[in-house]
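A quick write-up on the structure given underneath.
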Amino acid sequence: MKTINKILVSIFLIYGLNASAQDPNLNFFDSSGVINYSEMLTNDLGYLLTHMDNRADDVVWAHITYSIIDMRDNINTQLAFPTGQDANFKNLFRLIAEAIVDKTPVYYPNEAELTPVFDTVNLVPRNKLSDVFFIETFVGGAQYIDPLFELDSVSNTVSLNNRIYDRFARGVNKFLIQQVYYFDTHLSRMHSKIIGIAPLMIMEDAMAPIFPSFDDEEDTSDDAADMQQLKNTLRESIVCWLLYDDLQAHFSKQPVFPENNMAQRISYHEFFSKKMYSSYLIGDNNLMKRLYSNTSTLSSAELSEEITNIERKLIEIESQLWGK
């Protein structure tokens with residue numbers, strides 16, 4: 001009887017939360033006659049209620065992968081716009097930048113490997129954000145460092161340097177995501193969760209010889225040179241790492257730019273959780289260790305084959321073929 005009562009209470013709580021998140025009395029137009037962009041209309045539409053806690057004993061298989069979201073892909077248009085200032089919408093980098101201003105923790109990139117280190121010793125101090133967010137400017141033969149974030153030492157607050165924001169943002173056309181796929185035996189389901197996200201500052205697409213490109217269809221450069229170029233590019237292009245869970249509060253409140261439907265109510269969190277974006281796999285933890293190895297002779301063809309195998313295994317597991 002107690003169990004039944006607990007279930008009924010849970011149902012009523014969920015119903016109440018859903019009702020409050022989707023108040024039927026909210027108007028599409030506000031009092032001035034313009035479209036109403038109230039947070040109540042876009043706060044995940046109750047999507048956060050689908051969150052489930054997974055017990056460690058129930059997770060019997062897990063695999064960490066790395067993928068790149070290319071903002072030039074037409075499917076990702078909603079993440080790239082608007083490019084300018086907008087009262088209601090923000091592109092992905094603008095949203096992340098404002099989250100950093102709002103004290104979201106930032107982690108230094110791992111100099112030795114691609115794998116991020118989400119540890120307090122690797123946190124970027126508020127007064128050191130210029131270590132990872134800056135633009136080099138050369139004037140009259142002299143080099144100047146322009147920081148993206150400016151610290152007010154009196155109020156101890158950080159603000160965006162709008163003078164260089166557009167220049168910096170134009171260089172961020174890709175995002176690297178660390179994602180874990182795991183199988184929960186209690187629910188008998190395959191899940192995935194984004195752990196970290198990293199802006200990539202790539203002025204010239206050095207990864208085009210191997211990974212999908214939206215500019216050049218063909219490339220005939222040397223294979224060994226391609227691999228070295230890829231290693232260097234991956235190392236140098238990661239601006240920083242951020243934990244997805246640290247960004248979730250901002251992602252849940254911000255609606256994604258509507259592509260062709262102004263009545264669309266999708267938050268960034270729902271957009272990412274439902275994988276409504278396009279990305280391409282570049283490897284897993286094991287493959288990245290081989291890629292960064294000084295002794296490995298991994299070629300472009302072998303790398304592409306490894307990535308294909310990882311994709312195939314993930315599809316098999318998601319198709320419930322796993323069991324060995």
Taking the alpha-carbon centre of each part, the distance from the stretch 77-112 to the stretch 128-182 in Å is 11 Å
Label model pair residue 170, residue 118: point-to-point distance (7 angstrom along the Cα→beta-carbon line) in nm is 3.4 nm
Per the rule of 0.36 nm per residue minus the C-alpha distance, extending residue 180 to residue 236 adds in nm 17.8 nm
Given pairs 90/313; 90/193; 231/274; 90/231 and cut-off 29 Å on Cα-Cα distance, the over-length ones are 90/313; 231/274; 90/231
For residue 259 and residue 142, extending 7 Å from Cα along the Cα-Cβ vector and measuring point to point gives, in nm, a value of 4.9 nm
Beyond 18 Å, the calculated P(r) of the stretch 245-324 holds a percent of Cα-Cα pairs equal to 63 percent
Per-residue Cβ contact counts at 10 Å, fewest first, order 235, 170 as 170, 235
If each K or R counts +1 and each D or E counts -1, the residues other than residue 309 whose Cβ falls under 11 Å of its Cβ total -4
Most packed first (mean Cβ within 10 Å per residue), the peptides 305-315, 60-70 order as 60-70, 305-315
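Read the figures in this text as sums done on the coordinates, not as results from a lab. Nothing here was measured: the structure is a model prediction, and the numbers come from that model. Note that we place each Cβ from the backbone using ideal geometry, even for glycine, and neighbour counts take in every protein chain shown.
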